[in-house]
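Written below as structure tokens is the structure these notes are about.
The values are calculated or read from the model by the stated rules, or taken from the named source; none is laboratory data. Nothing here was measured: the structure is a model prediction, and the numbers come from that model. Cβ coordinates were reconstructed from backbone atoms using ideal geometry, including for glycine residues, and neighbour counts include every protein chain displayed.
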Amino acid sequence: MDSQCQKERYSLTLVTGPSSKQAARSFIAQVDVNSDNTPSQCPTWNSDIRSSARVRYHSFSGSGKDRAMTVNLAGVVAVCYCGMVSNENECSSSLHWLFAGLLTIQGPEGGKTFIFPTNVVVKFDLKGWGFSPLDRLRIIPANAECSGDDQNPNDPASDTSFKVNCPAINGQGCRQATTSESILTSVMTSSSVGIFVDRARSTKRSGGCARWE
């Protein structure tokens, strides 16, 4: 993974924040120092854990510690770290980029289009990461935005041109959707289907490539 980080590839769509080499400069982890060039608030054996944490952990939020970043797409993303920075706050060499870890961003896989016939019962699968049985779906008008009022569970309002709970059982259940319609989901996970990956191994192939089994 270090070699992938050292390619210094930035994405304008994946991240709001350090989305380019120039933008990443303002997200440096600032370490405060004393006049003798030692870290300020340097912990001692007698200091409490809160004081120690202020030196051991630094946020990548700029010299003013006030910059925020947002990952815009769901999925598993790699976090890369550069430990050698130039006077211009840039990584002094691509070789100094190291793989720090993986983050799972919860949410659905984006960029999908669904086309359904009318006047028949339909279902559809939605792929993503970190789904919960408590998650719900809402179908909204084409001219509406998914980003509504976080304090109002009915914003954005649902489209009402479809029916739910169909087909009816003994004439009961099937009804027109309401403006607050939240569709129940059935989440398929390793726990719900009983399928788990307990181990993986890498086997080397000709040409120096590797595959996972």
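Sort through Pro167, Pro153 and tell me the only one that's farther than 20 Å from Phe116 by Cα and over 22 Å from the mean Cα position of the chain (by Cα). Of the residues listed, the single one that is farther than 20 Å from Phe116 by Cα and over 22 Å from the mean Cα position of the chain (by Cα) is Pro153. The set of residues from region 92-130 being in contact with a Phe, Trp or Tyr (Cβ under 6 Å, 6 or more places away or on another chain), in a strand (DSSP E or B) and either of a type in the set (S, T, N, Q) or touching a residue at least 40 places away in the same chain (Cβ under 8 Å) (or both) comprises Leu98, Thr104. For first residues located in region 183-204 and of a type outside the set (Lys, Arg) and loosely packed, with under 10 Cβ neighbours inside 10 Å, partners that are assigned to a loop (DSSP other than H, G, I, E, B) and modelled with pLDDT of 75 or more and lie 6+ apart or on another chain with Cβ distances below 6 Å form the pairs Ser190/Phe196.
Provide a single number: the residues in region 59-108 that are within 10 Å of Cys5 (Cβ to Cβ) and touching a His at 6+ places or on another chain (Cβ under 6 Å). The number of residues fulfilling the criteria is 1. Among residues of region 122-151 being surrounded by 10 or more Cβ atoms within 10 Å (Cβ to Cβ) and over 23 Å from Ser192 (Cβ atoms), the one that is modelled with the lowest pLDDT is Gly148. Restricting the search to region 122-165, which residues are over 20 Å from Gly107 (Cβ atoms) and touching a Gly at 6+ places or on another chain (Cβ under 7 Å)? If the condition is that a residue be over 20 Å from Gly107 (Cβ atoms) and touching a Gly at 6+ places or on another chain (Cβ under 7 Å), then Asn165 is the only one that fits.
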